[in-house]
Amino acid sequence: MNRKTLVLPAVVGLLAPVLAACGGSDSGSGDGDAIAVGTTDGFNVSKEITAPFDPAYAYDVGAWNIMRQTSQTLMVLPRGDGEPVPEAAQQCGFTDTGNERYACTLRDGLKFANGDPVTAEDVKYSIERVRKINADTEVASILSTVDTVETKGDREVIFHLNTADATFPFKLSTPVAGIVNPNDYEKDKLRDGFELTGSGPYTMKAEVKGDAMTKAVFTKNPNYKGSLKVNNDKVELVSFADADAMGDAIDKGDIDVMTRAMTPEQIQNLSKATDGDVDLVEVAGLEIRYLAFNTDAATVKDKAVRAAMAQLINRSELVSAVYGSQAEPLYSMVPAGITGHSNSFFNKYGDPSVAKAKATLEDADITTPVKLTLDYTTDHYGAATKPEFEHLQKQLNDSGLFEVDIKGTPWEKFHKAERNREYDVFGMGWFPDFPDADSFIAPFLDKGNTLNIPYSNSEIINNLIPASRGEADRLSAADSLTEIQDITAKDVPLIPLWQGKQYVATRDDVTGTAYLLNSSSSLQLWELGRGVSG
């Protein structure tokens, strides 16, 4: 078969009405042949990160993509996105008109992979454990609207919220809300190492070399009972040092599928190739990249410095030079395609202008050139991160208003240093917890933000975020969401850069790759099967 590119619709939720997942784990590839999936995500245990797969700690797309296969949640996003549907639950819903009481009934006969029954008390234990441990990754902030958890019998669990939260069903679909077995997870202590157990569609066995997991072997869980249809018996997720090594592996037939992160060159070559047995699949994506500021740091404490950078950065030129057609300029932390998106940074700053940036700095009596360092991670977001920052450096330095250095650091050290506020300006990527504007705003601007940046705006925290969460109709939340984005553009604690597309490369005999990733970059290994595509 010739190499080809399959492009799926980019509108979030477009496929949901006709492609909602249906129940059962009574299917499989039938031949027992493990499907091998490649990734450049690295998984390490260290003094800083002892429990990479614990729901109470993990807050990273790579770790979550491991956990989603094994840890079951009450709700799950359906095929093609859309509103969450019950997974471990038989049914869930708000029981009041104010979106402050949410009740779920578990499926009858739920079991953990080891055969232990899953009860409402286990759900309560799991949620309360996350909140009690309150890890420094701030993953517990996703559950910040939970006040108390109540159970009735073995199957009914009721969440009493401290404020209206129409996004709560989405939050119950994320791994932080994964149901854990109290026999495996202590109430006030993280579960160290690569151990991961639950009631999800697979069991997981880690293959480890030194302090790194090199392969995760997922085997279909015979006790799984949920809404997902599992189309294979076994999947192996293999970690590679870089995209080139991953590409060599699929060319040799050592793996069947490539996921994140391929290089722009690999994607371009695959899209143009007319022969071979590897296909490129483009799917809707909501990945964003942005700059974040330690607003207490001397170099960028003055808002004028941050605003001048926002005025100078040419997103279109950056995207064209580094990513081509694989990304689009972004002028808000909320990407296009999400209800509530507003081009607030373009509305505030317009086209890039050295003259306007110079005037901004002069009005604030800032001496130029402003000297600062842009920090980025070398190994977490793909090989194109370095040229991206080289291009940002050139744009800022060519203005004559800045003297910028750039510095790359491996993710294991970078992530900790960023949270310790060791960087003045640093580059980050974001894959949303769920496809809603709240997941692009609250993690950065609410109390206990995941970046640990000092910026805080009382209007956003106390009024606008709660107001937006109170609207079940997300269109009705647009005014609050737009105001949040406008304040962000004015205060510049963050500068959005671009939003990207997602790609999967697959060998011809693998099916289901069109649904392997959803728009939030959640890996859905159960969709893969063996067959003949065409």
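The values are calculated or read from the model by the stated rules, or taken from the named source; none is laboratory data. As the structure is a computational prediction, the values presented were derived from the model and not from experiment. Cβ coordinates were reconstructed from backbone atoms using ideal geometry, including for glycine residues, and neighbour counts include every protein chain displayed. Ligands, DNA and RNA are excluded from the accessible area calculation, which covers all protein heavy atoms including side chains. Shrake-Rupley method; radii C 1.70, N 1.55, O 1.52, S 1.80 Å.
General observations
- Criterion violated by Asp242 - all others in (1) under 21 Å from the mean Cα position of the chain (by Cα); (2) open to solvent by 50 Å² or more (accessible area, probe 1.4 Å); (3) under 20 Å from Asp116 (Cβ atoms) satisfied: (3)
- The conditions of being touching a residue at least 40 places away in the same chain (Cβ under 8 Å), crowded, with 20+ Cβ neighbours inside 10 Å and part of a strand (DSSP E or B) are met by Tyr376.
- Among residues that are β-branched (Val, Ile, Thr), within 29 Å of the chain's Cα centre (by Cα) and in the same structural domain as Asp424 (by the TED database), Ile366 is not included.
- Meets criteria (modelled with pLDDT under 95, assigned by the TED database to the domain that holds Ser439 and not in a helix (DSSP H, G or I)) for Tyr381: yes
- Screening Gly109 on (1) open to solvent by 40 Å² or more (accessible area, probe 1.4 Å); (2) touching a strand residue (DSSP E or B) at 6+ places or on another chain (Cβ under 7 Å); (3) in contact (Cβ under 8 Å) with a residue 24 or more places away in the chain shows it passes everything except condition (2).
- Residue list for region 76-97, filter: open to solvent by less than 10 Å² (accessible area, probe 1.4 Å) and at pLDDT 95 or above: Glu87, Ala88, Ala89
- Single residue of Thr97, Thr105 found to be of a type in the set (Val, Ile, Thr) and not in a strand (DSSP E or B): Thr97
- Scanning region 408-419 for residues that are closer than 30 Å to Met75 by Cα, assigned to a helix (DSSP H, G or I) and open to solvent by 20 Å² or more (accessible area, probe 1.4 Å) turns up at least one hit.
- Looking only at region 304-320, and only at residues there that are more than 25 Å from the chain's Cα centre (by Cα) and farther than 25 Å from Ala437 by Cα, the one that is surrounded by the most Cβ atoms within 10 Å (Cβ to Cβ): Ala308
- Restricting attention to region 265-296 and to residues that are under 28 Å from Ile441 (Cα atoms) and out of contact with any strand residue (DSSP E or B) (no Cβ under 8 Å at 6 or more places or on another chain), the residue that is most open to solvent (accessible area, probe 1.4 Å) turns out to be Asp296.
- All positions within region 223-236 that are open to solvent by 10 Å² or more (accessible area, probe 1.4 Å) and assigned to a strand (DSSP E or B): Lys234, Glu236
- For region 145-168, the set of residues classified as part of a loop (DSSP other than H, G, I, E, B), surrounded by 14 or more Cβ atoms within 10 Å (Cβ to Cβ) and in contact with a Ser or Thr (Cβ under 7 Å, 6 or more places away or on another chain) consists of Thr145, Asp154, Arg155, Thr163, Asp165, listed by residue number.
- Residue in region 113-122 that is without any contact (Cβ under 8 Å) to a residue 60 or more places away in the chain, surrounded by 17 or more Cβ atoms within 10 Å (Cβ to Cβ), part of a helix (DSSP H, G or I) and touching a Ser or Thr at 6+ places or on another chain (Cβ under 7 Å) present: yes
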